[in-house]
Amino acid sequence: MPHPIEAVMRDKLTAYFIPLHLEITDDSHHHAGHSGAKAGGGTHYTVKLISAQFRGLSRIKRHQAVHNVLAEELKAQVHALVLHLDEPS
């Protein structure tokens, strides 16, 4: 069962970016015992997102946009976020 923070992230990313593809993977189990890891997961994620919102944006601007949308989650719960952000081909 997905961690509740994953549903929040999915809702926010979907509402803002209207993705053609969105995949969120909880990688927390790979980081048990590392800094920022908490029992029960929900701290380390990989996000694959394809959105027309990324057209014309540099890689840095794409990452900044996602970080802005998920600012609350990154402050409170999510310790690490790997981002794969693309525009439609």
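The values are calculated or read from the model by the stated rules, or taken from the named source; none is laboratory data. Keep in mind that what you see is a predicted model, and the values were worked out from it rather than measured. So basically every Cβ, Gly included, is an ideal-geometry build from the backbone, and we count neighbours across all protein chains shown.
Once the range 52-89 is narrowed to residues that are closer than 14 Å to Tyr16 by Cα and polar (S, T, N, Q), the residue that is farthest from the chain's Cα centre (by Cα) is Gln53. Residues in the range 38-73 that are at pLDDT below 95 and not charged (D, E, K, R): 7 in all.
Matching residues to (1) outside any helix (DSSP H, G or I); (2) surrounded by fewer than 16 Cβ atoms within 10 Å (Cβ to Cβ); (3) touching a helix residue (DSSP H, G or I) at 6+ places or on another chain (Cβ under 9 Å); (4) of a type in the set (A, V, I, L, M):
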site: Leu57; (1), (2), (3), (4): yes, yes, yes, yes
site: Ala65; (1), (2), (3), (4): no, no, yes, yes
site: Leu81; (1), (2), (3), (4): yes, no, yes, yes
site: Leu85; (1), (2), (3), (4): yes, no, yes, yes
